[in-house]
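**Student:** Dumping the structure here so I can ask a few things about it.
Values in this text are rule-based calculations from the coordinates and carry no lab data. If you're wondering where the values come from, they're calculated on a predicted model, not measured in any experiment. Cβ atoms come from the backbone with ideal geometry, glycine included; neighbour counts cover every protein chain shown.
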Amino acid sequence: MSAAPRIGVLALQGDVREHRRALTEVGAEPVDVRRPEELAGIDGLVLPGGESTTIGKLLELFELLEPLRAAVKTGLPVYGSCAGMILLADEVIDGRPDQPTVGGLDIAVRRNAFGRQVDSFETDLPMVGIGEVHAVFIRAPWVERTGPGVEVLATVAAGAATGKVVAVRHGPLLATSFHPELTGDSRVHGLFVQMVKENQS
Ligand code: GLN
């Protein structure tokens, strides 16, 4: 059996602790990433939920933006939840004009897409490769465009936003609009760890 994969969690802002816990539950070794050197020696990386404009600014301040872009380009597996999805997207609709992002995932996301009245909500939806998931959305984005090769893993299954794309995968990149790290269900992290292992073999 191979050793537990070391998975970095970008620890500048957001729900870092919850991701660490979910990763531990699925047999990975979580490692906080705050400095460029900490990107060396990780097998995958999680970009947590939080506030994408703040995380983007901190990425610049901590001189992590370029190293992270380079890591994504060279095939590092990355999972972004909510703000993390926004950071990974090649195109951000309704972003701040000066909002720094990492990019690399060929999708367009709409920031705060679900509107003010339904800022936060929870719903059950089926996710490819996992089954029924309880999805928690907090001022979440949705995916408006997917490039060729991007696999849609989940869409909203009920209510006004039915059909909106909220989970995607492209090669080693995974993104969800919702926060599986907040529900105590670690199957999405399990899927990511499986992707990291596939990438290693
Ligand atoms: N609305 C936030 C943003 O634009 C994302 C919210 C979240 O991560 N829960 O970054």
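**Student:** Can you tell me which of ASP15, ASP185, ASP119 moves the most in a GNM of the chain? Springs connect C-alpha atoms under 10 Å apart.
**Tutor:** ASP119
**Student:** With the radius of gyration and the Kirkwood radius both derived from the Cα set of the range 80-178, what is their ratio Rg to Rh? Could you put the intermediate results ahead of the total?
**Tutor:** Details: Rg = 12.4 Å, Rh = 13.3 Å.
When Rh is taken as the Kirkwood radius, the ratio is 0.94.
**Student:** Return the single residue from VAL128, VAL31, VAL168 with maximal mean-square fluctuation; model: Gaussian network over the chain, springs between Cα atoms under 10 Å.
**Tutor:** Result for the chain, Cα springs under 10 Å: VAL128 fluctuates most.
**Student:** While we're here: What is the sum of charges around HIS134, taking Lys and Arg as +1, Asp and Glu as -1, for the other residues whose C-beta is under 10 Å from the C-beta of HIS134? Display every interim value, and only then the final one.
**Tutor:** Details: positive: none; negative: GLU122, ASP124, GLU132, ASP185.
Value of the local net charge: -4.
**Student:** Starting at the first residue of the range 177-186, write each ³J(HN,Hα) from the Karplus equation 6.51 cos²θ - 1.76 cosθ + 1.60 with θ = phi - 60°, in whole Hz, x for Gly and Pro.
**Tutor:** 6, 9, 10, x, 5, 9, 10, x, 9, 9
**Student:** Considering all alpha-carbon pairs of the range 1-140, what whole percent are spaced by more than 27 angstrom?
**Tutor:** Details: 1953 of 9730 pairs.
Summing the P(r) tail past 27 Å for the range 1-140 gives 20 percent.
**Student:** Considering the dipole of the chain built from charges on the beta carbon (Lys and Arg +1, Asp and Glu -1) around the Cα centre, which of ALA3, MET85, GLY95 is farthest to its positive end?
**Tutor:** Selected residue: GLY95.
**Student:** Just in the range 1-76: which trypsin sites (Lys or Arg not before Pro) are loop by DSSP and have at most 15 other Cβ atoms within 10 Å?
**Tutor:** Details: sites: ARG6, ARG17, ARG20, ARG21, ARG34, LYS57, ARG69, LYS73; in loops: ARG34.
Here the trypsin sites (Lys or Arg not before Pro) that fit, given the DSSP loop and packing criteria, are ARG34.
**Student:** Under 14 Å from the Cβ of GLU29, count the other residues' Cβ atoms, weight Lys and Arg +1, Asp and Glu -1, and hand me the total. Write down the numbers at each step before the final one.
**Tutor:** Values: positive: ARG6, ARG20, ARG21, LYS197; negative: GLU25, ASP32, GLU38, ASP43.
With Lys, Arg at +1 and Asp, Glu at -1, the neighbours total 0.
**Student:** When the dipole is taken about the Cα centre of the range 35-159, and only Lys, Arg (+1) and Asp, Glu (-1) are charged at their Cβ, what size is it in debye, to the nearest 20? Could the numbers behind the result be given before it?
**Tutor:** Values: 10 positive and 18 negative charges, 51 e Å.
Its charge dipole is roughly 240 debye.
**Student:** Once you have the alpha carbon radius of gyration of the range 1-76, what is it after dividing by 2.2 N^0.38 Å, with N set to its residue count?
**Tutor:** On the way: Rg = 12.2 Å, N = 76, 2.2 N^0.38 = 11.4 Å.
Dividing the Cα radius of gyration by 2.2 N^0.38 Å gives 1.07.
**Student:** Based on the mean of other Cβ atoms within 10 Å per residue, sort peptides 45-51, 97-103 so the most packed one is first.
**Tutor:** 45-51, 97-103
**Student:** Next question, about the same structure. Placing +1 at every Lys and Arg Cβ and -1 at every Asp and Glu Cβ, with all other atoms neutral, what dipole size does the range 91-162 have around its Cα centre, in debye to the nearest 20? Display every interim value, and only then the final one.
**Tutor:** On the way: 6 positive and 10 negative charges, 48 e Å.
That gives a dipole near 240 debye.
**Student:** To the nearest whole percent, what portion of all C-alpha pairs in the range 66-135 is separated by more than 18 angstrom?
**Tutor:** Numbers: 1225 of 2415 pairs.
In whole percent, the share of Cα-Cα pairs in the range 66-135 beyond 18 Å is 51.
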